[in-house]
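Chemist: Let me begin by handing over the structure; questions about it come next.
The values are calculated or read from the model by the stated rules, or taken from the named source; none is laboratory data. Source: prediction; values computed, not measured. Because the Cβ atoms are built from the backbone with ideal geometry, glycine has one as well, and the counts that use them run over all protein chains shown.
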Amino acid sequence: MNKHQAKERIAKLKDLINDYRYHYHVLNESIMSEAAADSLKHELARLEEQFPDLITPDSPTQRVAGGILPGFTEVRHRQRMLSLSDVFDRSEVEAWLARITKILPDASFEFFTDIKMDGLACALIYNDGILERGITRGDGFSGEDVTANVRTMESIPLSLRYSKQFAKFNQGITEVRGEIVMYKADFERINEQRSKEGLPLFANPRNTAAGTIRQLDPSLVAGRKLHFRAYDLLRENPADVPTNEYAYKVLAGLGFLTNPMASVFKSLDEVVKFANVWEEKRHSLEFNTDGLVIKINDRETYERLGVVGKAPRAAVAYKYAAEQATTRVRDILVSIGRTGVATPVAVLEPVQIAGTKVQMATLHNDSEIHRKDIRIGDSVIVHKAGDIIPEIVQSLPQLRTGKEKAFIMPENCPDCNQPLSKQKAEDVAWRCLNSACPSRAWKLIQHYASKEAMDIEGLGEKNVIALLDANLINDAADLYKLKAEQLLKLERFADISANKLVDAIQAQRHPSLPRFIYGLGIRHIGAQTAIDLSNYFRSIEALMDASVDELSTVNGVGEVVAESVVEYFAEPRNRKLINKFKDQGVWPKNVSHLGGRLSGSSFVITGTLSNMSREAAAERIRALGGTFQSSVGKDTTYLVVGEKPGNSKIVRANELDTKIIDEEQLLAIID
Ligand code: IVH
């Protein structure tokens with residue numbers, strides 16, 4: 001980017017970030033996620049680094065936080081309220097430990113670890129056990145006196161609970177610090193109500209909690225449910241609280257809510273494991289969290305390590321990776337899936353999101369692109385969480401230069417040049433109906449080899465394409481004819497890998513029926529539907545001859561799936577493929593009718609089981625001759641109810657008089 005372009009980009013970034021801040025802090029609304037705004041600020045800071053003379057005093061990068069609002073009395077904190085420095089991954093936690101080890105080489109460190117709550121910090125002063133004052137963080141040295149407001153909060157004791165064990169905390173000054181949070185459910189209820197009343201919606205629970213505690217009318221605070229969760233305990237004599245672990249014990253004894261999962265660990269390995277567990281489980285908490293707080297447990301060591309800037313050396317915030325970032329759309333391509341659907345895919349400027357490099361995002365279909373107004377060249381917000389495929393949340397038209405281009409769905413398939421069409425006028429998806437389209441061939445073969453189908457290791461995208469290009473295969477059935485010598489002629493294979501691949505393929509001459517059905521890549525047939533079909537039809541021949549009516553009677557199979565199966569087997573090309581498998585002696589094992597203690601019984605599970613996974617239970621049931629179904633029907637014998645069950649299945653089971661059992665009863669049956 002040259003200086004002129006940078007100047008224009010900087011001006012637009014500043015406008016958009018300021019707009020975000022105005023909506024967020026003044027109007028209490030959100031035009032994008034905090035992570036997306038951070039990503040824009042990051043880009044701005046990078047550009048300013050590159051062109052320092054373009055920095056202006058009004059740039060969002062030049063802002064210092066804090067400050068006192070008019071309307072509340074300013075109170076000095078007895079001890080400064082510090083914040084935490086952030087670390088983002090294991091190596092940064094290790095670097096932190098190395099730093100403090102260097103300062104105190106002889107100390108041995110224990111780590112006290114808690115969830116980092118996303119709310120606002122508050123200090124409560126108790127004098128001889130009586131709540132005297134509540135103070136916000138402010139600039140860390142002094143905050144706002146919000147005593148009248150915190151007194152309305154039920155989770156804050158107006159006087160400390162007395163116990164003999166902790167009696168001394170009822171004498172003199174005891175300061176309790178913690179986080180004021182609004183629970184996600186309460187936040188959603190408030191916004192639902194506001195939406196009904198036509199009021200603007202609040203941005204998020206933290207913002208709403210902060211706005212609430214700063215209301216000058218305490219009755220408004222009482223009406224909004226806020227919760228105080230304690231994390232720190234201060235006394236004039238520091239020896240009263242020797243460790244952070246002990247602080248939590250006392251806090252609970254004095255009548256405060258603390259996080260029950262807070263724990264002490266001896267090694268960073270354990271801390272990182274704890275972090276990973278909570279990163280996964282965090283959405284199940286009642287409040288928002290964006291990471292962990294890791295503190296040195298021993299308070300004397302904690303104090304000895306001192307302070308740098310605004311943060312203690314002895315503690316860090318371990319932040320989970322943000323699930324959103326901004327980047328640019330370089331191009332929009334069309335990819336043909338194994339069932340012929342044409343899916344537009346955005347090619348992105350590579351960006352790190354939640355720990356992975358993202359350079360592609362699905363755009364689903366052209367109507368979605370137009371609804372979201374995404375153009376080639378646009379800046380966009382990309383979302384990626386867990387295992388989900390990255391998605392474009394929205395475009396940022398404010399950052400356009402005028403050179404962006406609208407996407408137009410091509411009329412012909414990019415791979416075989418046959419026209420793309422819609423099967424029904426109301427369909428959103430365009431598809432390539434040419435079943436010989438080369439794009440479909442490799443995807444079908446790759447799907448046949450995939451983990452949930454034949455699970456053939458070594459048959460990824462590149463190898464499948466190489467085999468097709470070399471004319472060694474045309475379809476999945478040809479895989480079984482491959483010889484190691486043929487593979488060795490290709491650049492991609494060495495002795496070992498060629499033999500390994502041929503062995504892996506040959507090992508799958510008699511796959512299970514559900515895997516085989518799933519592997520055919522019939523539209524709408526996922527792994528579970530393939531199991532439902534197998535349980536009912538028990539052989540591929542029976543499935544091939546089934547009518548839509550018969551298929552529709554199978555549990556878990558609706559009309560769309562039924563039609564798709566019939567359509568698939570009506571296509572001569574597909575029947576030929578099945579015959580080709582058969583001619584080579586490749587055939588799925590039938591599901592047997594006979595034998596098995598559970599033959600004739602069928603099971604549905606709702607909710608999660610605590611002793612085994614749903615898949616393991618299904619496998620065990622099938623091994624005993626029983627049937628595992630995905631939904632309750634007339635032929636269901638048992639509905640097994642686990643934790644957090646779905647209501648609809650229970651209602652249906654009651655309607656049909658299906659026997660309802662719990663996990664223990666299931667174990668008794670299958671053990
Ligand atoms: S301990 C030096 N524990 O995060 C501050 N803080 O960025 C040590 N926070 O000011 C604080 N959950 O408002 C601690 N379990 C927790 C926390 C927590 C949220 C907040 C707190 C603090 C900020 C630091």
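Chemist: Taking the residues in region 421-430 that are under 15 Å from Ile408 (Cα atoms) and out of contact with any helix residue (DSSP H, G or I) (no Cβ under 6 Å at 6 or more places or on another chain) as candidates, determine which candidate is modelled with the lowest pLDDT.
Modeler: So, considering only residues that are under 15 Å from Ile408 (Cα atoms) and out of contact with any helix residue (DSSP H, G or I) (no Cβ under 6 Å at 6 or more places or on another chain), the one modelled with the lowest pLDDT is Ala429.
Chemist: Next question, about the same structure. Which numbered condition trips up Ala210, out of (1) within 16 Å of the ligand (Cβ to nearest atom); (2) over 26 Å from Thr289 (Cα atoms)?
Modeler: Status for Ala210: all satisfied but (2).
Here's the yes/no breakdown for (1) in contact (Cβ under 8 Å) with a residue 60 or more places away in the chain; (2) part of a helix (DSSP H, G or I); (3) buried (at least 18 other Cβ atoms within 10 Å of the Cβ):
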| residue | (1), (2), (3) |
| --- | --- |
| Val560 | no, yes, no |
| Val565 | no, yes, yes |
| Arg575 | no, yes, no |
| Gly585 | yes, no, no |
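Chemist: Just one of the numbered conditions (1) surrounded by 13 or more Cβ atoms within 10 Å (Cβ to Cβ); (2) small (Gly, Ala, Ser); (3) over 30 Å from Glu323 (Cβ atoms) is not true of Ala167; which one?
Modeler: Failing condition for Ala167: (1).
Chemist: Please pick out the residue among Val561, Val586 that is touching a Pro at 6+ places or on another chain (Cβ under 9 Å) and either β-branched (Val, Ile, Thr) or under 30 Å from Gly642 (Cβ atoms) (or both).
Modeler: Val586
Chemist: Filter region 487-540 down to residues that are small (Gly, Ala, Ser) and part of a loop (DSSP other than H, G, I, E, B) and give me whichever is surrounded by the most Cβ atoms within 10 Å (Cβ to Cβ).
Modeler: Residue satisfying both the conditions and the ranking: Gly521.
Chemist: Then there is this: Go through region 106-122 and count every residue that is within 22 Å of Val308 (Cβ to Cβ) and either within 34 Å of the chain's Cα centre (by Cα) or modelled with pLDDT of 95 or more (or both).
Modeler: Number of matching residues: 8.
Chemist: Still on this model: Can you work out which of the residues in region 171-185 that are at pLDDT 95 or above and away from the ligand (no atom under 16 Å from the Cβ) is surrounded by the most Cβ atoms within 10 Å (Cβ to Cβ)?
Modeler: Only one residue tops the list, namely Thr174.
Chemist: Among the numbered criteria (1) surrounded by 17 or more Cβ atoms within 10 Å (Cβ to Cβ); (2) more than 15 Å from the ligand (Cβ to nearest atom); (3) under 29 Å from the mean Cα position of the chain (by Cα); (4) not polar (S, T, N, Q), which one does Arg189 miss?
Modeler: Only one criterion is unmet by Arg189, namely (1).
Chemist: For region 216-304, list the helices (runs of 4 or more DSSP H) that sit wholly inside it and hold at least 2 residues that are farther than 21 Å from Lys116 by Cα and either within 11 Å of the ligand (Cβ to nearest atom) or without any contact (Cβ under 8 Å) to a residue 40 or more places away in the chain (or both); which are they?
Modeler: 218-223
Chemist: Shifting gears a bit: Could you say which residue among Gly138, Gly134, Gly143 is within 16 Å of the ligand (Cβ to nearest atom), surrounded by 16 or more Cβ atoms within 10 Å (Cβ to Cβ), without any contact (Cβ under 8 Å) to a residue 60 or more places away in the chain and of a type outside the set (D, E, K, R)?
Modeler: It is Gly134.
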